1. Classify region 93-337 as rounded, prolate or oblate, taking a ≥ b ≥ c as the square roots of the eigenvalues of its Cα gyration tensor: rounded when a/c is under 1.5, otherwise prolate if a/b is larger than b/c and oblate if not.
2. Which shape class applies to region 173-241: rounded if a/c is under 1.5, otherwise prolate when a/b exceeds b/c and oblate if not, where a ≥ b ≥ c are the square roots of the Cα gyration tensor eigenvalues?
3. Would you tally the net charge around GLU273, using a Cβ to Cβ cut-off of less than 9 Å, leaving GLU273 out, and scoring K and R as +1, D and E as -1?
4. Which lysines have a Cα less than 18 Å from the Cα of LYS300, not counting those fewer than 8 places away in the same chain?
5. How far is it, in nm, from the label point at CYS313 to the one at ASN325 when both lie 7 Å from their Cα along the line to the Cβ?
6. Report relative contact order for region 93-337 in percent, whole number only (criteria: Cα-Cα under 8 Å, sequence separation at least 6).
7. Test of the criteria: in region 178-255, which trypsin sites (Lys or Arg not before Pro) are in a DSSP loop and have at most 13 other Cβ atoms within 10 angstrom of their Cβ?
8. Under a cut-off of 18 Å between alpha-carbon atoms, report the aspartates and glutamates in cross-link reach of LYS281, not counting same-chain residues fewer than 8 places apart.
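Rule-based calculations on the coordinates, nothing more; no lab input. No experiment lies behind these values; they were computed from the predicted model shown. In this analysis, Cβ positions are derived from the backbone assuming ideal geometry, glycine residues included, and neighbour counts consider all displayed protein chains.
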Amino acid sequence: MSGNGSKTHICEEHLGVWCRCTVCGEYKHDYEDNDDGSFAASGKVVTARCKRCGSEEHYYADTGTVIENYRDRSYDLESEPVIPPKPAPQGEMLFILKKLDDEYIITGITKRSVAEKMGLRHLTVIVVPFVTDGPDKGCWIIHNRHDKQIAKGKTSAPLSLNLFGGHCGPSNDDTIGAIGLKVGLDMLREHALRELSEELLYKNGLEKRLEVWRDGVFTGEYISASQYRVHPELFPIGFTEYTAKDNVEYSYIFALPVPGVHAEQIIAADNYEKSTSTGTKTYEADIALPILFMQESELKRLWRSRIPQVEVCDAITRLWEEQNNAVYQRLIEYISNYKD
């Protein structure tokens, strides 16, 4: 029994993302603070961190008042980011591709909105992280993008499962020099690592402050994170082809081995366009996204079940399409046979 006599379960046995009970919805954090007993006299700020999910709470030791919008080096409530916000992007530029024999050639560069509207085949990279050892060995590391979609004003299933990666385009103003070039592995790896530096992070770093959302609402809490720099080198798998009404891609697949000791400290992230409190400017805000460890067979089962509350994104499902079977088989073989 739980401490609440009306319950017929023990919350700690049913914890999901962010230590939330999947039965009753209550949060059951296991906080451990940094107060050595001297904080109260000085009025210092106590940091309490959940040993299970890494969620933090900050409060004044002398009054117990919780600081709802705590920022790493400031104890003041602030409505805007401490670091000057980056301007929101004005239009993502993408590489347009053509396949010639076994080579992929850049034939043009255009805005993402144009590529999607006109059905132009463009270049993306997709990374499949997987756990190399321990109880979750072989599991794919995926994230739930639900809160990001809501933050962007889109609709989303409560569980929207996705991999890591993104679109590829010029990194500078040189939109002419790349045209005619063959897409090489170095270019693909560079883009994949760039996406990972933004999306696959390590908890408790100081490089990024990620908004924490629950049930589609920003809680006012933050998680600190840094780049996950200790992973082995990305392993190249191969090109896949994907065609949808407004999304036509050549996607290169990489596998990313993640040791079990690191996996529990991994957190996903993404950004979205946010307005300042005055509504006069927009900037990119970073948001934390829950991580899940799932066997590929379970992902496929969820996809086939067509459960309305669960979405398996096309970054995953394209791997199961017939034209991509050879790449899929190479990926499964690599993960199954991986040894440190």
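1. The shape class here is rounded.
2. Prolate shape, in that a/c is at least 1.5 and a/b is the bigger ratio.
3. Local net charge: +1.
4. Here the lysines satisfying the reach criterion relative to LYS300 are LYS137.
5. 2.8 nm
6. Relative contact order, region 93-337: 25 percent.
7. The qualifying sites are ARG229, LYS245.
8. The qualifying aspartates and glutamates are GLU78, GLU80, GLU273.
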